[in-house]
1. Which numbered condition trips up Met1, out of (1) at pLDDT 80 or above; (2) closer than 30 Å to Met247 by Cα?
2. For segment 6-17, name all the residues that are in contact (Cβ under 8 Å) with a residue 12 or more places away in the chain and of a type outside the set (S, T, N, Q).
3. Between Leu260, Leu283, Leu267, Leu251, which is at pLDDT 75 or above and either more than 17 Å from Phe183 (Cβ to Cβ) or more than 23 Å from the chain's Cα centre (by Cα) (or both)?
4. Would you mind telling me which numbered condition in (1) in contact with a Lys or Arg (Cβ under 6 Å, 6 or more places away or on another chain); (2) without any contact (Cβ under 8 Å) to a residue 60 or more places away in the chain Pro113 fails?
5. So which residues in segment 248-262 are open to solvent by 40 Å² or more (accessible area, probe 1.4 Å) and farther than 18 Å from Leu12 by Cβ, if there are any at all?
6. Please go through segment 70-90 and give me each residue that is modelled with pLDDT of 75 or more and either touching a strand residue (DSSP E or B) at 6+ places or on another chain (Cβ under 6 Å) or buried (at least 16 other Cβ atoms within 10 Å of the Cβ) (or both), ordered by number.
7. Report, ordered by the first and then the second residue, all pairs with beta carbons closer than 8 Å, sequence separation of six or more or different chains, a first member in segment 228-249 that is farther than 13 Å from Val20 by Cα, and a second member that is open to solvent by 60 Å² or more (accessible area, probe 1.4 Å).
8. In segment 44-59, what residues are open to solvent by less than 80 Å² (accessible area, probe 1.4 Å) and either within 14 Å of Val78 (Cβ to Cβ) or part of a helix (DSSP H, G or I) (or both)?
Amino acid sequence: MTSSASKSWLLLLGFILFYVIYLLLGALVFSSIERPVEDKLRNDIQTMQREFLNQTCINATALEEFLVKALSASEYGVSVLKNSSLNSNWDMASSMFFANTLVTTVGYGHSTPLSDMGKAFSILYALIGVPFTMLVLTASVQRLMYPLVYAPQALFQRSGLDPRPASQLHFALLLAAVLLCLFVAPAFVFRAIEGSWSFLDAVYFCFMSLCTVGLGDFVPGEQPGQKYRSLYKVVVMVYLFVGLMMMYLLLRAFHKMADLHGLTSLLELPHCEEPEGDLRPILGDGPTDTGPPPPGPLHHRAATKQPLEPAAQPSYNTISKG
């Protein structure tokens with residue numbers, strides 16, 4: 001591994017570490033702001049419930065007023081049910097889970113800030129966190145493109161496949177791996193842990209989450225009396241981050257396949273950038289290799305007389321080597 005590649009991996013690890021610290025700081029602030037307000041609201045609801053039950057004669061107006069207040073509190077994650085009130089929506093694990101869904105734009109909406117200060121902090125936190133999350137995901141995918149996309153396709157080409165069939169075979173295998181590892185296998189795990197979820201519900205949750213739709217009708221870790229709830233929410237956060245990263249990688253692989261098949265040129269879209277420095281160890285024997293390059297994405301692009309963008313302008317790798 002070259003020194004530039006090592007520095008790139010270290011920089012990526014630094015980004016991920018800072019991302020985790022950012023989530024922890026956000027969780028600390030959200031918990032300190034929102035948990036006292038949540039406790040006050042829960043006490044008010046319990047007092048209102050006792051007063052309602054102590055009434056000797058309950059009319060329709062009192063019942064309607066109680067239901068309106070109970071439904072209004074449930075929108076903020078506070079329920080009048082005893083079992084549902086055992087879990088706080090703003091402990092450290094739940095606050096970190098909320099911060100994660102906020103910056104990844106998943107936003108289940110199962111819990112929302114109750115105070116004005118919490119809403120204002122959410123705006124500021126998302127204003128910084130959403131672009132930074134996209135930066136971390138992009139940097140992660142950029143480093144994974146070589147071992148998970150370029151290297152396997154080059155291996156298929158060395159086995160005798162042309163670039164286009166090699167890209168099709170690689171994309172099919174990558175798609176199957178993503179479906180198995182990010183949808184099917186997690187669905188079985190969610191079904192076993194949640195209990196009330198069917199397999200279809202779990203697949204539905206995985207799809208809506210990794211597409212950042214986040215409807216909020218299924219949220220993990222919200223069952224009353226769930227064991228290891230805090231650890232479970234942390235694991236779900238890791239799943240969301242890895243899942244979003246792999247979905248982005250899948251889109252990049254599809255973009256590269258479309259580039260090889262001429263779809264990007266047909267639709268006048270930008271071509272998928274290929275890091276020449278990362279391809280050299282696979283496509284050649286090293287820096288002293290002077291023979292003709294084997295058929296590959298770079299050779300295909302040269303054959304179709306398309307300009308090679310990375311070679312036409314200085315890249316990070318060429319600057320580091322210089």
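1. (1)
2. Lys7, Trp9, Leu11, Leu12, Phe15, Ile16
3. The match here is Leu260.
4. Of (1) in contact with a Lys or Arg (Cβ under 6 Å, 6 or more places away or on another chain); (2) without any contact (Cβ under 8 Å) to a residue 60 or more places away in the chain, only one is false for Pro113: (2).
5. Start the filter on segment 248-262 by keeping residues that are open to solvent by 40 Å² or more (accessible area, probe 1.4 Å), which leaves 248, 251, 254-255, 261.
Within segment 248-262, Leu251, Phe254, His255, His261 qualify.
6. Result: Ala70, Ser88, Asn89, Trp90.
7. Ser230/Met92; Tyr232/Ile193; Met246/Cys181; Leu249/Leu148
8. Of everything in segment 44-59, those that are open to solvent by less than 80 Å² (accessible area, probe 1.4 Å) and either within 14 Å of Val78 (Cβ to Cβ) or part of a helix (DSSP H, G or I) (or both) turn out to be Asp44, Ile45, Gln46, Thr47, Met48, Gln49, Phe52.
The values are calculated or read from the model by the stated rules, or taken from the named source; none is laboratory data. Fair warning: this is a prediction, and the values are worked out from it, not measured in the lab. Positions of Cβ are generated from backbone atoms using ideal geometry, with glycine treated the same way; all protein chains shown enter the neighbour counts. For the accessible areas, the whole protein counts, side chains as well, though only heavy atoms, and no ligand, DNA or RNA atoms are used. Shrake-Rupley method; radii C 1.70, N 1.55, O 1.52, S 1.80 Å.
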